[in-house]
Amino acid sequence: MNHKVISKRVLGLLKEYNWEVIMSYIGNMRKFVGHAPIMAVAAMAILYNEEKGMLLEKRTDTGEWCTPGGAIELGESLEDALKREIKEETNLDFANPKLFDIKANVHMVYPNKDEVYYTDVVYVINEFWGELKPDGESTELRFFDLHNLPENIMPTQIGYIKRFVEEENKA
C-alpha cells in the first residue's frame with residue numbers, strides 16, 4: 001500500500017472520529033494491551049507561592065491529594081503537556097516553570113487495574129493566575145501551607161514534595 005492511500009485512510013479516520021480520542025496515546029495503547037504495564041512520561045507541577053501555599057488536587061479515583069499534571073501525548077513537548085494539563089486540571093495559566101526533578105520508575109496501578117511506569121518530570125511554578133476550577137479528575141483544588149500539608153498525599157509524589165518543602169525551609 002502506498003503512502004497516498006494510507007494518508008487518505010488517516011484523513012478519513014480523523015473526520016470520522018473525535019480528534020482527542022485519536023490523539024490520546026495512552027487510551028489507544030490500552031486498546032491493544034488492556035491493563036498490562038506500559039511506560040509513559042508525565043509533566044507534573046508544584047504550583048507554589050508564599051502567600052497561598054502549595055496547590056494540590058484531590059483525585060476522584062483514590063481520594064488522595066497530588067500535584068497537577070499528567071502524561072504527554074505523542075508529538076507534544078513537555079512544556080506543552082504541562083500547559084495543557086495545568087489548564088485542564090486547574091484552569092490556571094502560568095509563566096516561567098523551573099525544572100525541579102526527574103523521577104523514573106514511578107509505578108502506578110489505577111483503581112481500574114491499568115498499570116503504568118511513569119517518568120515524572122517535575123516543575124516548580126511560582127507565577128500563576130486565573131480562577132481555580134477542578135475538572136473531572138479531581139473533586140477539589142486547595143492551597144496548603146507547607147507546614148500543614150494533608151496526610152493522604154499520593155505515595156508516588158511524597159518524595160519530591162518533601163524535598164521541595166525542605167528546600168523552601170532552607171531558603
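The values are calculated or read from the model by the stated rules, or taken from the named source; none is laboratory data. What you are looking at is a predicted structure, and each value in this text was computed from that prediction instead of being measured. Cβ: placed from backbone, ideal geometry, glycine included. Neighbour counts: every protein chain shown. For the accessible areas, the whole protein counts, side chains as well, though only heavy atoms, and no ligand, DNA or RNA atoms are used. Shrake-Rupley method; radii C 1.70, N 1.55, O 1.52, S 1.80 Å.
Of all residues in region 116-171, those satisfying the criterion of being under 19 Å from Leu92 (Cβ atoms) and of a type in the set (Val, Ile, Thr) are Val121, Val122, Val124, Ile125, Thr139, Ile161. Before we move on, is Asp93 free of Cβ contacts under 8 Å to residues at least 40 places away in the same chain and acidic (Asp, Glu)? Considered against the rule, which asks whether it is free of Cβ contacts under 8 Å to residues at least 40 places away in the same chain and acidic (Asp, Glu), Asp93 comes out as yes. Identification of strands (runs of 3 or more DSSP E) wholly contained in region 95-171 with 3 or more residues that are surrounded by fewer than 14 Cβ atoms within 10 Å (Cβ to Cβ) yields 98-109.
Let's see how each residue does on (1) of a type in the set (Ser, Thr, Tyr); (2) over 10 Å from the mean Cα position of the chain (by Cα):
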{"position": "Met29", "(1), (2)": "no, yes"}
{"position": "Pro37", "(1), (2)": "no, yes"}
{"position": "Thr67", "(1), (2)": "yes, no"}
{"position": "Ile86", "(1), (2)": "no, no"}
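Ile102 passes every criterion in (1) in contact with a Phe, Trp or Tyr (Cβ under 8 Å, 6 or more places away or on another chain); (2) under 23 Å from Met29 (Cβ atoms); (3) modelled with pLDDT of 95 or more apart from (1). Residue pairs whose Cβ atoms lie under 9 Å apart, separated by 6 or more positions or on different chains, with the first residue in region 60-79 and more than 16 Å from Val116 (Cα to Cα) and in contact (Cβ under 8 Å) with a residue 40 or more places away in the chain and the second open to solvent by 50 Å² or more (accessible area, probe 1.4 Å) and of a type in the set (Gly, Ala, Ser), are Thr60/Gly136.
Summed over region 33-59, residues that are closer than 17 Å to Asp114 by Cα, touching a residue at least 60 places away in the same chain (Cβ under 8 Å) and of a type in the set (Val, Ile, Thr) total 2. Checking each residue in region 88-117 for being under 16 Å from the mean Cα position of the chain (by Cα) and closer than 17 Å to Ser138 by Cβ picks out Glu88, Glu89, Thr90, Asn91, Leu92, Met108, Tyr110.
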